[in-house]
Every structure is written in C-alpha cells, then in structure tokens.
Amino acid sequence: MCIAWRNLMADFIFTHSYLIQAFPLLSFVIIGLGMTKAGKDTVKTIALILSALSMIYALLTALTYLFTVIGQPQLYPDRSLICFNLAWLNFSQNLTADMGIYLDPISVMMIVVITVISFLVNVYSVGYMKDDPGFNRFFPLMALFSFSMLGLVISSNILQMFVFWELVGVSSYALIGFWYEKPSAVAASKKAFVVTRFADAFFLIGILIVSFYSNSFDFQTLNSPETAAMLNKNYLFVSLPVNLLTLATLLIFAGGWGKSAMFPLHIWLPDAMEGPTPVSSIIHSATMVVAGVYLTARMFPLFAASETTLAVIQFVGAFTAVFAAVIAITQMDIKRILAFSTLSQLGYMLFSLGVAKVVTTGHHDGGINQLGYSAAMYHVFTHAFFKCMLFLGAGSVIHAVHSNDIMKMGGLKTLMPKTYWSLLAACLAIGGVFPFSGFWSKDAILLAALQSGHNFTFLVGLITGGLTAFYMFRFFFLTFHGQPRSEFHDVREDPWMTIPIVILTVPTVTAGLLEHFFVSQVTVATLAEGGHFAHPGWLPFVASAAAFSGIALAWILYGRGKIERAAVLQRAAGSLYTVVYNKFYIDEGYLFITHKIIFRWIATPIKWVDRTVVDGTINLCGWLLQLGGRGVRFAQNGQLHFYLGVTVIGFVMLLFLGK
Amino acid sequence: MSLSHFITLSLILCAIGVYGILTRRNLIGILLSVEVILNGANINFAAFAHFKAADPTAGAIFPIFVMAVSACEMAVALAIIISMYRQKKRLDVYRLEELNG
Amino acid sequence: MSDFLFYVLATMLVLLSLMAVSLPNLLHGAVSLIGSFLVTAALYIMLQLEFVALAQVMLYIGGIIIFMLIIILLTTGLGEDDSLNRISLGQRFKRALIPMGLLVSLLLFIGKTPSPLLQSATHRAAPVTLDDIGFRLLSIDNGFIIAFEVISILLLVALVGAVVIARKDKDEGEEA
C-alpha cells in the first residue's frame, strides 16, 4: 500500500517534471513581456517566487528519483528514466526529432545545481542590481537562461539539446551585453556569441553525421554500441584515412570546445566579465560553461569508443588548465582572475573525462575507468558551488569598493567580515585543502589520471593545483589583508547579497561527504568497468603538499597585503611577465586574422557580390518591368490614327501569316 | 471591263479610304473616308454579282443591305459626333485622348 | 466601247474619292463625295444592276450625305477644319505607305492565286427586274425575309439610339 502510494506519487512527479522548466519560462514571459515598467518590488517578488518554485520542484524530483530509480536498481538497471517523449518533427520515415525529458544521474544532479544556484543568484541580484535602471530587464533574462540551461540538461535527444544549447548562447549574449551603452560590453557579447556560434557550426555537422548513420537523435540510441560499431569505419579523404567515428565525435565535441572555452576558443570568457557579476557567477562559472563538459559526459559511450577523441579531449583540457592558471597569476582585475580560474577548472573537468580510458598496453584495448567520468561530474558539482560563491563575493567587494582592480583594494577583512570568512572557505575549497569539497573532487580527478596510466597528465594536474592555490590566495590576501590601498567610502554588506554567499558556504564545506555517492552512482551504467584499480595512499598527501606550497608562496609574497616583494619578482621576470599579463597576445592574434585576412580577402569580395550581383539582378528585373511599362504606355496613347494604322498593319501582317 | 478590273478599282478605293482615315484630323473627315471605303466594298459586291452570281436577284439585294447598314452606322456615328462636340467643343482627333492608358 | 467608258468612270471615281479624303475644307470634301456616289451609280448601271443604282442615289446621296452635310455645317463654320495645323506633308507621305502596303499586298495576294473565281470573267448575268427583287426579299423559303425584318429592326434601333445619344443631357446627372 505504501509502495503503491509512493509509486503513484513518483509517477505524478515525473510526469509533471516539465514544471521545472516551466516556472522560469513563466517568469520570463510574465516579467519580460508584461512588466517592463512595473515596480521593482513586484518584479522581485514574482521572480523570486517562481525561481523558488522551480528549485523546490527540482529538489522534489531529485528526491523521488533517488528513492525510485536508484533505490530500485532491479527496475532501472541503467539508472535512467524517460519522463515523456513527444514526436516533434518528422524528417523522414525513420528519423524523427522528439521533445522529451530524460532523467539519469548526471541530469538530476545538474537540475539540482542549476535551480539552487539560480535561486540564490536571483536573491543576490535583488541587492546587487538595486540601483540599476535595467532592474526589470535583468530578471526575465536570468529566467530565460535558467529555462534554457534546464532544457539543455534534461533533453532526451541531441537535437533538442542543440536547440537549448543555442538558446543558452542567446541568453548569455543578452546578459553579457546587459549594459548595452558600454561599447566594451557590446563588443564582449558579440565576441562570446560569434566564438561559440562558430564552434556550434561544427557541432551541428557532427549531429547530422551521427543522426544520418544511426537514423535517430536519441541519446540512448546514439550511445549504444551498435552506433559506435556502425560509425567505426575508415574513409579516404584526399588520400588521408579518416575514421568516421573519430570525425563525428570530434565535431560534436567542437560544440563543447567553444562553449566551455577551451584553448584556442577561450578568448570570449575573460571578456564576458563585462556583464554584471550575478551573470558571471551563474553563467560563466557554474552552469553554462560546464555545458561542454556535460555534453561530453552525455555522449561519453560514443566518445569512449574512439581513442583519438578521448586523447584530444584530455590534451585540450590539460593544456587549458595549466595555460589559464599561468595567466591568472598575473591578472589585476578581480573578475578576470576568477574567469581564468574557471577556465582552468574546466580544463580539469575535461581532462578527467579524457583520462577515463586506460592506456592501452600491448594488444588489449583499454578498459573504461569510470572514476574519470564520476570525478568530472563531481568536480562540476563542487565547482559550481564554490565558484559561484567566489563570484558573488567578488561582486560584493566590487559593489562596496566601486572598482574591479585588486591593486586598489586591501584591508577589507574588518569592513566585510561575513564575506571574508565565506570567501576564505571558498578559496580553501578551490585550492584543494582537506576537508573542503574541492579537495575531494580534485583528488578523484588526479586519482583517475593515475589509475588510467596517464602519468604526464597527472603531473600537469598536480602542478595546476599548486598554481591554483597560489593565485587564489594572491587574490584573497591582496583583497582582504593589510592596509587599504585607496579611499573607501561607505563600505557595507548588503544582506540580500551576503545571505546567499553564507548559504553557499554549506555545500562548499560539506560536499565532500558526497564523494562515495558520486563514485558509486554517477557512472555510465551502459559501460562496464575496465578492471579493478588501486588507490595509492600517497596521493592525498602529495596533492595537499602542492596546495599548501601554493598557499605558502602566496603568503610569502602577498601576506599582510604587501606588494613590494611581488613587484621585485615582476621586474625580474621582465618581458616574460608582460607576455603572460597580456594573455600570450592571443586576442591580438585573433584581431589580426579577422581584420587583415578575413575582412579584406573574404568579406570584401562577398560584399561586392552581394551588392553588384544579387542586388543588381533584382534591380535588373525592376528595370525590365519599367521598360515594358514604357512600351505599353507608348502603345496606349489614345490617338485614333495610331490605333487605326496599327489595325491595318496588323491586318496586312495576318494576310502574310496566313499565306 | 472584266472582274479583275472591278476588283482592282475597289481595292484602290479602299486604299484611298484608309489613307483618308490615317490623314484626316477631323472626326467628320474620318467619317467621309469611311464612306469611301464602304463605297469601294459595295462596288466589289456588285461586280461579283454581275459577273459570277448564279442567282442574280440575290446579287442585287446584297448591296441594298450593305447600304441599309451603312445608313444606320452613319446615323449613330453622327449622333456621337454631335454629343462629343457639345461636350468638348472640338473634334480634333489629336486632342481626344480618353482611350489612353 | 464599254471598256473605254469603264476607264473614264473609274478614273473619275478615283479622282473624286481622292478629293473627298484630302481636301482641307470639309464641305468641299462632302460635295466631291456626292460626285463619287453619282459615278458609282453610273457604274452600277453599267453592271446592269439598275435597282442598286437607284438605291445608291436615293440612300447615299439623298440620305447619308445630306445628314453629313448638316452635321458639318452644325459643327464647323462652313466646313473649315478648325484644327490649327494640318498634318505635315512628310507625315502624310509616311502614312500613305500603310495603305500602299495594304493595296500592294492584296493585289499580290489576288494575283498570285490562279483561282477559277476569276476565270469566267466575261459571263454576263441575266438582267434583274424590280418584281424579282421584291419577291425575293419577302419570300419565306428562298428569300431574305429574315434579313429584311432584321434590317428594319436595326434601322429602328439606330434611329432611337441616335436620338438618345444626341439629345441634351438634363442638368442633374451630368457626366462625360
């Protein structure tokens, strides 16, 4: 009886799981279309209520999922559940695009993360955007983003995911360029959109290839071994052998390459900091940028069938991680430090997915190391909370000090105590210090690398860990310790802003307890484990040593807010410092290519063709019509003699024709 | 005096009439030229009736009909000309352009 | 002898028609048209169609051309064409080409086809009496009774129509 009642409730909750997405959409429609001139209190109330409802429903769904799906492994052997699936577009007899909701461990985890963080950021925004004239515009756009991101993670097929992928890109564009009077914000939003759109073109081609061969868009079909086997053929392309599976999966990964800002498409993420800080905290740290990681995890069985793809992912992730960490050491803008930190952590997540296949030895094909997969998703989970908190804290500091430059800060420990202690917890978490959440997730990633035999990648991860601790504590000490380096006026902690930060401290500290749960449950159920792996005992100590050495170095150079020692080092490094400070001049390289090559050689001829050929053809049609009109007007002049003469001539002509 | 002479004569008269239509600027002048054409056509009928008709009576009746119809046509045309003269005070074909488009 | 008469009458007819279409004064043109009708009647008598000649004189000269003379006198002052400038000589030459073309093509057309129609050209029909014409017009089986009646209706319609068109419009309901 109890079980029947529980199953009934579970059915009800799952069937109406679209409500998780519907609440933010409702918020967007109501506020965005109806209330642009309404009072701030009305807007605030509606936004917060709908966001809270979405969060509550998501948590409810997660709990139900936990008890029914994970609690009954015999009923759901692959731990996944399709809530509903409606046929949407019929491309051909075999190929149909559906709209559906698909719950499995990673999607449930993501909806919890997205809705909780979205709610907390909405609360924070009430305080942050209090004096902004665009207050009424902000909340609907945030709701649109929540709707799109939720749609992305619970999609049941890759085409639906692509639709929401693009929607997320649009929301990000709208929110980065929120302060549209600022030319730098407009430029940044354009850059973000163009770079991600460029990557999405390849994503779409990848979707087309896999759906063409497998006649389906559904993830369950695409991830099956039959699809992998079908695609695993070699073709010759200009006498180069190309494996179709590798090509298709690399193309699909290209979407994630752009969206998760991996090198060299990372250029948009630092500039995206032009948007308001709540935007940076939700979109560019916790949720949207992990869409690439999510895509890789979602398509993992197919990606895993191709060793080359995983190798590429691993290499790109590891390189971006260390590259971004090196640049972050030199940055002065508080949000840019955090942006590069996000890039680095995303690199971690991706290379963790990349090392999920054991190195092949001899004739044995490498088995799958599920730890890589679980560790990546675990890091997404923990990173979302502490990075969001870091951004929110940075926003509080910016709001109080009215500047982004850390060289102008200092001594905020006594002025903003709650923020100080919360951010200390976050920095310890990101640095990987026991027992905070970041320690556990980073440890899992490094362990996965080691277990799969990718020793070099393990080393890179370790070094990056040390660098991460160093630059985060550089940021921390320079902002909060020592004497104020400029005049502060009226530094207060707004309760709307401080409370979410404090709330977020809880998962930052305690999410380490979930490690066992993640490693055992958040796995790819359709792939078998590739063997038993050892857990070397020295690993946590080595990782902690790296973290502590980073913190110690930061304390030596910047402890008590002193910058003189660092200035000495800076002069000693000289031109090397300048190169790193300018982000290795990659932005300048892109500008050069765009202006000198693409504009001059590609865009200008195309513009000429458009103006002369295309417009010319249409103008020609118009001119011909006018010519015809002139001719008819000439013949219809009302002159009797003309008509009669033409009649007689016509008669004569008929005579000859008849002959 | 053979049939072909008469046919040639009637064709010449028709050609003269057409020339008159194309040349006259006054509406009544055009009507005079139309009369010339009709005259030529009538001569054609009469010639054929005389030289070829198996039924000479019918050959004599037909030109009568042509004349009757021509009379009706003249009546209506001249009524129209009177009406136009009343409206526009002129009968110059060059200035009457309502049929233009 | 009859040939010579024919040529004389034909030449007169052509000349009078030319005068009718090209004289600047409309009254002069109308009068030359009267002359051409008289010559045509003479031609009909040559063709042994006396009744047609009679009808020609009565209807055309006695009816149509009189009507036209009245209208000419009503609308122009003694026949002067009130258009300020006639068509220039060059234009007239160009426009003469069209009827010339018509004439030439028709003559060629008729001349080229050797047709039995033109062969038995010297056959003369029997003379027709007025009684015959009367009987034929009104006889039912072999005659033109229907055409006769229709023409009478047509004449009535033309009469009424001409009156309607030419009457003065009342003051209300004026239009072009």
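Exactly one residue out of C:L97, C:L38 is assigned to a helix (DSSP H, G or I) and buried (at least 16 other Cβ atoms within 10 Å of the Cβ), and it is C:L38. Does A:A229 qualify as being closer than 22 Å to A:Q160 by Cβ, assigned to a helix (DSSP H, G or I) and small (G, A, S)? Answer is no for this residue. Of the conditions (1) more than 7 Å from chain C (Cβ to nearest Cβ); (2) surrounded by 24 or more Cβ atoms within 10 Å (Cβ to Cβ); (3) touching a residue at least 24 places away in the same chain (Cβ under 8 Å), B:A47 fails just one. Which one is it? The number of the failed condition is (1). Every listed requirement among (1) crowded, with 24+ Cβ neighbours inside 10 Å; (2) under 16 Å from A:F23 (Cβ atoms) is met by A:V108 save one, (2).
Results for (1) closer than 24 Å to A:Y128 by Cβ; (2) assigned to a loop (DSSP other than H, G, I, E, B); (3) at pLDDT 85 or above, shown as yes or no for each residue.
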| position | (1), (2), (3) |
| --- | --- |
| A:I13 | no, no, no |
| A:I30 | yes, no, yes |
| A:V43 | yes, no, yes |
| A:I49 | yes, no, yes |
| A:S54 | yes, no, yes |
| A:T61 | no, no, yes |
| A:F67 | no, no, no |
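The helices (runs of 4 or more DSSP H) located wholly in the range A:265-335 that include 1 or more residues which are of a type outside the set (K, R) and in contact with a His (Cβ under 9 Å, 6 or more places away or on another chain) occupy A:268-271, A:277-281, A:291-298, A:307-328. The residues of the range A:86-117 that are in contact with a Ser or Thr (Cβ under 6 Å, 6 or more places away or on another chain) and part of a strand (DSSP E or B), listed by number, are A:A87, A:N90, A:G100, A:I101, A:Y102.
Looking only at the range C:1-28, filter to residues that are at the interface with chain B (Cβ under 7 Å from one of its Cβ atoms) and surrounded by fewer than 14 Cβ atoms within 10 Å (Cβ to Cβ); which one of those is nearest to C:I45 (Cα to Cα)? Among those residues, the one meeting the criterion is C:S2.
Could you tell me whether B:L96 is in contact with a Gly (Cβ under 6 Å, 6 or more places away or on another chain) and either closer than 24 Å to A:V648 by Cα or free of Cβ contacts under 8 Å to residues at least 24 places away in the same chain (or both)?
Against the criterion (in contact with a Gly (Cβ under 6 Å, 6 or more places away or on another chain) and either closer than 24 Å to A:V648 by Cα or free of Cβ contacts under 8 Å to residues at least 24 places away in the same chain (or both)), B:L96 does not qualify.
Of all the criteria given as (1) touching a residue at least 24 places away in the same chain (Cβ under 8 Å); (2) closer than 26 Å to C:N25 by Cβ, the one not satisfied by B:I21 is (1). Just one of the listed residues (B:A79, B:A54) is more than 14 Å from chain A (Cβ to nearest Cβ), of a type in the set (G, A, S) and surrounded by 18 or more Cβ atoms within 10 Å (Cβ to Cβ), and it is B:A79.
With respect to (1) more than 7 Å from every other protein chain (Cβ to nearest Cβ); (2) buried (at least 19 other Cβ atoms within 10 Å of the Cβ); (3) of a type outside the set (D, E, K, R), the lone exception for B:S33 is condition (1).
Here B:C72, B:C14 are screened, and the one residue that is facing chain C (nearest Cβ under 7 Å) and in contact with a helix residue (DSSP H, G or I) (Cβ under 6 Å, 6 or more places away or on another chain) is B:C72.
Looking only at residues in the range C:29-50 that are at the interface with another protein chain (Cβ under 8 Å from one of its Cβ atoms) and polar (S, T, N, Q), the one that is farthest from C:G77 (Cα to Cα) is C:Q48. For the range A:69-84, residues that are part of a strand (DSSP E or B) and surrounded by 16 or more Cβ atoms within 10 Å (Cβ to Cβ) total 3.
Counted as qualifying within the range A:576-659 are the helices (runs of 4 or more DSSP H) with 3 or more residues that are out of contact with any helix residue (DSSP H, G or I) (no Cβ under 6 Å at 6 or more places or on another chain), within 14 Å of chain B (Cβ to nearest Cβ) and closer than 30 Å to B:R95 by Cβ, namely A:615-635, A:640-658.
Per-residue answers, yes or no, for (1) aliphatic (A, V, I, L, M); (2) modelled with pLDDT of 85 or more; (3) within 28 Å of B:A54 (Cβ to Cβ); (4) in a helix (DSSP H, G or I):
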site: C:P127; (1), (2), (3), (4): no, no, yes, no
site: C:F135; (1), (2), (3), (4): no, yes, yes, yes
site: C:F148; (1), (2), (3), (4): no, yes, yes, yes
site: C:S152; (1), (2), (3), (4): no, yes, yes, yes
site: C:L155; (1), (2), (3), (4): yes, yes, no, yes
site: C:V160; (1), (2), (3), (4): yes, yes, no, yes
site: C:I165; (1), (2), (3), (4): yes, yes, no, yes
site: C:K170; (1), (2), (3), (4): no, no, no, no
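C:G77 meets the conditions (1) of a type outside the set (A, V, I, L, M, F, W, C); (2) in contact (Cβ under 8 Å) with a residue 24 or more places away in the chain; (3) part of a loop (DSSP other than H, G, I, E, B) in every case but one. The failed one is (2).
The values are calculated or read from the model by the stated rules, or taken from the named source; none is laboratory data. On a predicted model such as this, the values are computed, not experimentally measured, just so you know. All Cβ positions, glycine included, derive from the backbone under ideal geometry; neighbour counts span all protein chains shown.
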